[in-house]
Every structure is written in structure tokens, then in C-alpha cells.
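Notes follow the structure.
The values are calculated or read from the model by the stated rules, or taken from the named source; none is laboratory data. Here the structure is a predicted model, which is why all the values come from computation and not from measurement. Cβ coordinates were reconstructed from backbone atoms using ideal geometry, including for glycine residues, and neighbour counts include every protein chain displayed.
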Amino acid sequence: MLQVRAITKTFYPGTPNEVQALRNVDLTLEDGGFVIVLGTNGSGKTTLLNAVAGTFFVDHGNISLDGKNITRWPEHRRAKLIGRVFQNPFSGTAPNMSIAENLALAAGRGRSRGLGWALNANLRKEMRDRIRSLNMGLEDRLDNAIGTLSGGQRQALTLLMASWLKPSLLLLDEHTAALDPKSADQVIRLSQQIISRQKQTTLMVTHSMQQAVNLGDRIIMMHRGQILHDLQGAERGRIRVEDLLARFDDIRRREQLDPSVAEMLRRNYV
Amino acid sequence: MTLLIGAMTIGLILSLLALGVYLSFRIFNFPDITAEGSITLGAALSAILLVKHVNPVLATAAGFVAGALAGSLTGVLHTKFKIHGLLSGILVMTALYSVNLHVMGKSNVPLLSETTLLTYVEKMTVKIFGGAARFSAFGWEINRQDATVLVAALFGISVIGFVLYLFFRTNLGTSMRATGDNPSMIRALGVSVDAMIILGLALSNGLIALSGALLAQYQGFADVQMGIGMVVWGLASVIIGEALVGVSSLGLLIVGAVMGSILFRLLVAIALRWGLNPNDLKLITAFFVFSALVLPGFLKKFKLRTG
């Protein structure tokens with residue numbers, strides 16, 4: 001179970017570029033839950049994911065996972081509990097190393113790296129079996145460098161790597177945004193398979209309303225570093241793409257209103 | 001022939017330098033200048049220990065350990081104190097110059113009358129070949145002593161190269177390679193990138209210092225100036241090696257670095273024999289590395305423009 005308590009993050013504090021990326025965010029994610037995070041650009045959804053992953057430390061608040069307080073854990077220590085897929089398909093794999101070596105690194109996620117062989121016959125066999133389920137014909141190319149594969153293939157492998165040892169939490173950061181529609185579709189289907197088979201607790205950021213409606217059992221909408229809507233249960237069941245768009249329109253209209261109202265108030269009362 | 005054998009032996013000894021440079025520059029993508037100080041450190045420490053009649057194997061190993069410490073210091077400066085990689089290396093290299101002078105107590109320590117690894121090889125030569133000081137092979141008169149040293153160096157370097165190759169296939173070794181290849185990926189898989197960089201630089205500089213310790217024993221002295229220009233020489237060897245084997249599998253690249261170092265030394269020996277002014281050696285090497293770095297990109301541009 002993931003518990004995020006009142007976390008705050010300000011980038012470049014005290015400078016003209018100051019950004020309050022997260023403002024007092026609370027979020028509880030039950031085991032096996034699949035939450036989609038939606039939001040406009042700069043709403044703080046990726047920042048929320050990075051705060052949980054440990055890319056930076058939050059200014060205030062607490063993050064706990066599996067009952068452990070991980071607020072001050074460095075990123076590589078949190079990796080024992082967290083699997084991650086990045087937006088950039090090139091971020092999740094080491095291009096000059098073979099498919100097998102990349103998977104072997106993932107098979108040791110969170111464990112201390114000793115002088116045992118990275119690869120052995122058993123592990124190779126398991127790799128072939130799991131890669132075959134991707135239906136990409138990669139099972140016979142275990143010794144090819146990952147850099148020779150397409151973005152979609154690399155992202156599928158990253159997904160396989162992130163979930164190789166079932167993590168307590170899987171973080172997907174717009175992981176199909178940089179792919180062509182066909183590969184994106186393939187990676188989404190694979191994500192669904194893995195999440196439902198492993199009953200995988202998942203936090204997924206996306207721009208796509210369609211993905212938000214089709215996937216997951218809960219939708220969170222973020223704006224300006226805060227959670228504005230948290231749709232779950234029956235309310236989540238009824239939601240359609242049009243409803244989500246309407247809510248975003250709402251946000252936008254309020255956005256446009258705010259400065260003009262403030263200006264009017266200033267003129268009348270100051 | 002003596003000249004060629006000598007050049008090949010130095011090439012083999014300096015191939016440890018090439019492997020160290022390959023590790024930091026190519027695998028970690030870390031421009032580590034510490035090498036110029038750590039190769040001297042390895043030579044200085046092992047030389048002074050030999051003068052004090054310490055067992056040559058121990059003295060050589062001490063050189064390796066000292067270099068590894070120097071390398072890890074550079075790693076700590078870079079990762080824990082967030083100093084730019086190049087500057088971390090320069091700081092440690094500069095500090096090592098004084099350290100080396102202190103270790104040796106003077107700027108040059110001769111080893112001609114000491115028991116060194118070379119003495120062991122000499123004893124072995126007598127045991128195997130008996131009396132004759134020269135033998136002829138392929139129509140050349142060959143100094144028996146030189147030949148055995150060459151064979152011993154080849155054997156030693158092969159063992160070290162093979163162990164290194166095996167190491168890079170362990171969990172720790174693959175994690176190190178991945179750290180250089182894609183740090184954000186390996187961090188997400190639970191490996192401390194800082195620890196890998198510190199460990200990798202320790203290994204790299206340990207190899208380089210070992211190279212220095214062996215070089216001091218082979219040439220019969222350690223000198224505080226001997227490290228100057230070594231990084232560029234190491235890089236030249238790595239570049240030649242890559243040209244020889246192509247950028248392909250790990251094992252071939254290790255073999256390539258060794259072959260590159262030998263070939264580089266042979267080229268230098270031949271150039272000097274043809275009357276190249278030794279003072280110009282570093283200038284020419286720097287120019288060679290410059291063209292090796294720039295030429296491929298330039299040729300590509302040229303091809304695009306014409307074709």
C-alpha cells in the first residue's frame with residue numbers, strides 16, 4: 001500500500017523561476033489498485049511520480065510504501081520496492097548491452113550485486129519464455145544489443161524488466177507517449193496483461209483520456225500541483241471521455257477567470 | 001630485434017594503462033585524468049618498497065592498491081562533493097605529484113641493483129634455457145633474457161585481461177557497464193550509481209598503477225615525471241585497438257586495447273628509429289588522438305556533402 005501524506009515540492013525556491021510543483025498532495029493507493037493520473041502540462045503529475053520514485057526528496061510530508069517510511073530513501077534504495085517505466089523508450093534500457101544482460105540486471109533489481117555470473121542457463125530459459133509472451137520475435141535475439149531495437153520493442157522490454165520481480169508498486173510515466181500508435185497499442189495491451197496477471201499495484205501517468213477511461217479502476221486529475229478530482233467506485237464506472245474533457249474545460253475556464261476577477265477586485269477595493 | 005622486443009614488452013606493460021583508460025573513458029564515459037598521477041604512484045610506491053627489500057610480488061600489489069585508493073578518491077570527489085569529473089581527476093592528479101615525491105623522498109629511484117619481478121624472470125630463464133645468453137630464431141639473434149621477459153609479460157597480461165573479461169560478466173561487472181551505458185536505468189533497478197563510479201575508478205586506476213609498478217621494474221627506475229602524457233598515450237592505444245577489432249563484443253575490445261597498446265609502442269619505436277625527435281613524441285601523439293576523434297565525423301560530413 002502506498003501512502004502519500006501532505007507532500008510539498010518547490011523547485012528553484014526564492015528565484016523568479018520558483019515553481020510550486022506539488023502542494024500538499026495526499027494519496028492512498030490500496031494493494032492491487034490501478035490508478036491513472038491525468039492533468040495538463042505542468043500540473044505536477046510527473047513530479048508526483050518522481051517524488052514517489054525518489055528522483056528528488058520532497059520538502060514536506062511523508063511517503064510510505066508497504067508500511068516502510070521511504071521519504072528519505074535514495075532512489076536506488078526505493079527501487080527494491082518500485083518498478084519504473086519512463087516516457088522516453090531509451091531511458092529504461094542500456095543500449096550497448098544485450099537483451100539478456102539487460103534482463104539479468106532487472107532480475108537482480110534491489111539486490112546487492114556480487115561476483116556471481118550475471119547470466120546462466122536457467123535464467124536464459126526463463127527469459128526466452130517471458131519474452132515469447134511479447135510476441136515480438138525477440139526470444140531468439142537474446143544476445144543482440146538493445147540499441148538495435150525499435151522504441152516500441154525497447155519499451156515492451158522495459159515493462160518486462162520493471163515487472164520481472166513483482167514490485168510493490170509499478171510506476172508508468174506516459175510510457176506510450178513517445179511511440180507510434182501501433183506500438184503504443186501493443187505496449188498498453190502488454191501493460192494491462194501484466195497488471196491484471198500480477199494484481200500489480202500501479203500508478204500510471206497519461207495524457208490520453210481514452211487510456212484513462214479504458215484502463216485502471218481510479219482516475220486522479222491534477223492541476224497546479226494539487227489533486228482536483230479523485231474519481232473512484234461508481235463515479236469512476238460512469239465516466240466517459242466527454243466527461244473528462246468537460247472537467248478539464250471547467251478547470252481552464254476557472255483559470256481564465258481568476259486573473260480577471262482578481263484585477264476587478266483590485267480596481268474596486270484597493 | 002632487441003628494439004622490437006623491447007617495444008612489445010613496454011606495449012604489453014602499458015596495455016594495463018590502456019585497459020584502465022578504456023574502463024574510465026569508454027565504459028564509464030568518465031574523462032579521468034587521475035591516471036597521470038596514479039601510474040607514477042604505482043611506480044613510486046613499488047620502487048620504494050623494493051628498495052626496502054619487500055617481496056616484489058607484494059610491492060607490485062601495493063602499487064595496485066595505492067592506485068585503487070587514488071581512483072576511489074577521484075570518485076568520491078565527483079559523486080559525493082559534486083565536483084566536475086575532469087576537475088576531480090585534475091585535483092587528485094595534482095595532489096598525487098606531491099604525494100609521489102614524498103613516497104620516493106627524491107625525484108628518481110633507481111632499481112638496478114634491487115630484487116624485482118625481473119629478477120624472478122631471470123632466474124626462470126636460467127632454469128629453462130640453461131647457459132646460452134642468445135639464441136637465434138627466424139634468422140634473428142635474440143637475447144634470451146628479453147624473450148623470456150616478453151613471454152612472461154604476455155602471460156601476465158593475458159591472465160589479467162581474461163580475469164577482467166570474466167569480471168565484466170558477473171552481476172557486479174554488468175552493473176558497472178550499465179552504469180556507464182545508462183545511469184538512470186541502472187538507478188531504477190536499484191544500483192547506486194555513485195558506488196559503481198567509485199568502484200569503477202578504483203579498478204581503473206588500480207590497473208593503471210599496476211602498469212606503473214611493472215614499468216618501473218622493467219625500465220629499472222621510478223621517476224616523478226613518468227606519468228606526464230600517459231592519459232593521451234592510453235587513449236591512443238584504445239583508439240588504435242578499436243580500429244583493429246571494430247566496436248564489437250566486450251572480449252574483443254579488451255584484446256583490442258592490448259593489441260592497440262603494443263602496436264602503438266611499435267609505431268613509436270619505429271618512428272624514433274627513423275629519426276623522429278623524441279621531444280616531438282607527445283605533440284604527435286596528441287595530434288594523432290585529435291585526428292582519431294575528429295576525423296570520423298568530418299569524413300561523414302564530407303561524404304554527405306559530396307554524395
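B:Ser291 meets each of the listed conditions (1) polar (S, T, N, Q); (2) modelled with pLDDT of 90 or more; (3) more than 24 Å from B:Leu4 (Cβ to Cβ); (4) surrounded by fewer than 19 Cβ atoms within 10 Å (Cβ to Cβ) apart from (2).
Given the criteria among the charged types (D, E, K, R), under 16 Å from A:Gly147 (Cα atoms) and within 7 Å of chain B (Cβ to nearest Cβ), does A:Glu75 qualify? Walk me through how you get there before you give the answer.
Numbers: among the charged types (D, E, K, R): yes; under 16 Å from A:Gly147 (Cα atoms): no; within 7 Å of chain B (Cβ to nearest Cβ): yes.
No.
Could you list, in sequence order, all residues of the stretch B:189-202 that are surrounded by fewer than 24 Cβ atoms within 10 Å (Cβ to Cβ) and out of contact with any His (no Cβ under 8 Å at 6 or more places or on another chain)? If the condition is that a residue be surrounded by fewer than 24 Cβ atoms within 10 Å (Cβ to Cβ) and out of contact with any His (no Cβ under 8 Å at 6 or more places or on another chain), then B:Asp194, B:Ala195, B:Ile198, B:Leu199, B:Ala202 are the ones that fit.
Would you call B:Gly256 away from chain A (no Cβ under 14 Å), buried (at least 19 other Cβ atoms within 10 Å of the Cβ) and more than 26 Å from A:Gly147 (Cα to Cα)?
Numbers: away from chain A (no Cβ under 14 Å): yes; buried (at least 19 other Cβ atoms within 10 Å of the Cβ): yes; more than 26 Å from A:Gly147 (Cα to Cα): no.
No: the conditions fail for B:Gly256.
Scanning the stretch B:171-185 for residues that are facing chain A (nearest Cβ under 7 Å), buried (at least 22 other Cβ atoms within 10 Å of the Cβ) and hydrophobic (A, V, I, L, M, F, W, C) returns B:Ala178, B:Met185. Would you check if A:Lys45 is surrounded by fewer than 18 Cβ atoms within 10 Å (Cβ to Cβ), away from every other protein chain (no Cβ under 14 Å), farther than 21 Å from B:Val193 by Cα and modelled with pLDDT under 95? In short, no.
If I filter the stretch B:85-101 for residues that are surrounded by 15 or more Cβ atoms within 10 Å (Cβ to Cβ) and touching a Phe, Trp or Tyr at 6+ places or on another chain (Cβ under 6 Å), do I get at least one hit? Can you show your working first?
Applying the first criterion (surrounded by 15 or more Cβ atoms within 10 Å (Cβ to Cβ)) to the stretch B:85-101 yields B:85, B:88-93, B:96-97, B:99-100.
Cutting the leftovers down to touching a Phe, Trp or Tyr at 6+ places or on another chain (Cβ under 6 Å) gives us B:85.
Looking through the stretch B:85-101, at least one residue is surrounded by 15 or more Cβ atoms within 10 Å (Cβ to Cβ) and touching a Phe, Trp or Tyr at 6+ places or on another chain (Cβ under 6 Å).
Just one of (1) more than 14 Å from every other protein chain (Cβ to nearest Cβ); (2) closer than 30 Å to B:Met176 by Cβ; (3) under 20 Å from the mean Cα position of the chain (by Cα) fails for A:Asn122. It is (3). Within the bounds of the stretch A:82-101, is there any residue that is surrounded by 17 or more Cβ atoms within 10 Å (Cβ to Cβ), in contact with a Pro (Cβ under 6 Å, 6 or more places away or on another chain) and within 14 Å of chain B (Cβ to nearest Cβ)? For the stretch A:82-101, residues surrounded by 17 or more Cβ atoms within 10 Å (Cβ to Cβ), in contact with a Pro (Cβ under 6 Å, 6 or more places away or on another chain) and within 14 Å of chain B (Cβ to nearest Cβ): present. Restricting attention to the stretch A:102-119, the residues being facing chain B (nearest Cβ under 7 Å), within 15 Å of B:Gly180 (Cβ to Cβ) and in contact (Cβ under 8 Å) with a residue 24 or more places away in the chain number 1.
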